[in-house]
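S.K.: Input: one structure, supplied below.
The values are calculated or read from the model by the stated rules, or taken from the named source; none is laboratory data. Only a predicted model underlies this, so the values are computations on that prediction, with no experimental measurement involved. Every residue, glycine among them, receives a Cβ derived from its backbone with ideal geometry; neighbour counts consider all protein chains shown. Accessible surface is based on the protein model in full, side chains and every heavy atom, while ligands, DNA and RNA are left aside. Shrake-Rupley method; radii C 1.70, N 1.55, O 1.52, S 1.80 Å.
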Amino acid sequence: MQSNRTVTDMNRAVYIETYGCQMNVGDSEVVLSILQKAGYHRTEKMEEADVILVNTCSIRDNAEQRVLGRLEVFRHGKKGRGTVVGVLGCMAERLKEKLLENKAVDLVAGPDAYRDLPRLIDAVSVDGKQINTLLSHEETYADILPVRMDSDGVTAFISIMRGCNNVCSYCIVPYVRGAERSRDPRSILNEARCLIEAGYREISLLGQNVDSYRWVNPEDATDTVSFAQLLERVALLDESVRIRFATSHPKDMKDEVLFTMARHANICKHIHLPVQSGSDAQLALMNRKYTREGYLERVAKIREILPGCAITTDVIVGFCDESEEDFRQTVSLMEEVSYDGAFMFQYSERPGTKASRTMKDNVPPEVKTARLNEIIALQNRHSLKNNEAYVGRTVEVLIEGTSKRSKDQLFGRTDTNKTCVFPAAGHRPGETVRVKVLSCTSATLISEITE
Ligand code: 5AD
Ligand code: SF4
């Protein structure tokens, strides 16, 4: 039976699910802002929604499979109610019209098409399925103030750029997110000011490769802003507000950024520096544009300029032609750096990438799994060892929320991004406290607040 609500009613409800990286979370917040202006409000109940949106990720095949599973659920959920189901983001851009063949899907919109969403949604009820996957060289959504979603009120993200100009041979991102664009620093600073006024205590600046952030004033080409300059300007807005950033690229990370971090106590001492592989042969095949030696030089520089700075990474195992010897090089690089944390992945071939066109995905699945398990175990040992160095120390923590395990326990992070858990002792999220570290696991510093 048809409900008596139609999508042309005012104050329609939109339900949105987000998969993938923080950039995607930021994009969903932009989408909500655009739809709010068009008369929608957000609902957390899918059954109540007039519009169901899923913001998707294409980075690995399993990310896409998860979304395809959700589409089945949405198909059942919308039965007979005239609900519009839309696929947004990276998968929308990659699969385009192919997604419209899916019975659940009414609308497909790529990452640069979100301003068009109100029109697309309306057009579905008149003309049927809709699609806009045009990529732009200019769109940064600079003028749109994102509607914060599922926020803890303490930490927030700001996208400072979109797209990516690197062509790592395994990676789908440049194809689904388009060319790199840096957002106007004035709009970034304005967004940061709004967050600070709203009481946020930590701001993370996000981009696929923040080190290549570069803004050129369209009115005056001599007026440029680098990432180090942007970072400094944001840090100076309020020295009691923490600033983080990600992701750094080993080929582009400048000493100037490290010196800027050293000058400002409120820029958190943590750098996410994906290495992907410790083997020069693999790095060349991946088109990463640095060598093992070059990478280790960057790590040495971080440690020289910022003693105690945490370093985390991303690693891929089982990329094309990865030999046992190549893999051993990755293991030995991880031993050498002893990362504070790592995201580790088995290579997943992505259609259309350079690797899928010109190389063979020839490492057997069982070898990929064994290699992944080996480095996960290694990283757990390193995480534990690095955390153990904190035991007995007193560190500053920004409280982010109540622990999932107990409402009497709070959690927060050190500026080196270590999660601490401690008894609340009357304190609240948003406060900065000093805690003494009593013991640890590989993931958590168990602590207590010191007066
Ligand atoms: N297969 C596996 N991992 C990948 N990543 C990117 N593309 C792939 C792929 N095709 C990983 C990289 C990157 C992180 C975000 O995801 O390690 O840094
Ligand atoms: Fe983010 Fe990349 Fe996934 Fe897109 S494909 S959501 S950019 S991780």
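S.K.: Those residues that are away from ligand 2 (no atom under 14 Å from the Cβ), open to solvent by 10 Å² or more (accessible area, probe 1.4 Å) and either in a loop (DSSP other than H, G, I, E, B) or within 13 Å of Gln130 (Cα to Cα) (or both), I need them from region 98-115; list them, please.
M.R.: Hits for region 98-115 are Lys98, Leu100, Glu101, Asn102, Lys103, Asp106.
S.K.: I would also like to ask the following. Could we say that Arg193 is of a type outside the set (Gly, Ala, Ser), surrounded by fewer than 20 Cβ atoms within 10 Å (Cβ to Cβ), outside any loop (DSSP other than H, G, I, E, B) and free of Cβ contacts under 8 Å to residues at least 12 places away in the same chain here?
M.R.: Considered against the rule, which asks whether it is of a type outside the set (Gly, Ala, Ser), surrounded by fewer than 20 Cβ atoms within 10 Å (Cβ to Cβ), outside any loop (DSSP other than H, G, I, E, B) and free of Cβ contacts under 8 Å to residues at least 12 places away in the same chain, Arg193 comes out as no.
S.K.: Note down all Cβ pairs under 8 Å where the first residue falls in region 424-451 and is in contact (Cβ under 8 Å) with a residue 40 or more places away in the chain and of a type in the set (Lys, Arg), the second is part of a loop (DSSP other than H, G, I, E, B) and open to solvent by less than 70 Å² (accessible area, probe 1.4 Å), and they're at least six residues apart or on different chains.
M.R.: From region 424-451, the pairs are Arg434/Thr450; Lys436/Gly392; Lys436/Thr450.
S.K.: Tell me whether region 131-139 contains one or more residues that are closer than 22 Å to Ser58 by Cα and without any contact (Cβ under 8 Å) to a residue 24 or more places away in the chain.
M.R.: No, region 131-139 contains no residue that is closer than 22 Å to Ser58 by Cα and without any contact (Cβ under 8 Å) to a residue 24 or more places away in the chain.
S.K.: Here is a follow-up. Using beta carbons and a limit of 8 Å, which pairs, at least six apart or on different chains, have the first residue in region 74-93 and open to solvent by 10 Å² or more (accessible area, probe 1.4 Å) and the second one basic (Lys, Arg) and near ligand 2 (Cβ under 10 Å from one of its atoms)?
M.R.: If the second residue must be basic (Lys, Arg) and near ligand 2 (Cβ under 10 Å from one of its atoms), the pairs left are Cys90/Arg177.
S.K.: Shifting gears a bit: Just for strands (runs of 3 or more DSSP E) wholly inside region 400-451: which have at least 3 residues that are over 25 Å from Met261 (Cβ atoms)?
M.R.: Filter on region 400-451 gives 419-423, 432-440, 444-449.
S.K.: Does Tyr170 fit the bill of being open to solvent by 10 Å² or more (accessible area, probe 1.4 Å) and in a loop (DSSP other than H, G, I, E, B)?
M.R.: Here the answer is yes, as Tyr170 does meet what is asked.
S.K.: Hey, can you tell me all the residues within region 332-367 that are more than 12 Å from ligand 1 (Cβ to nearest atom) and among the basic types (Lys, Arg)?
M.R.: Arg357, Lys360
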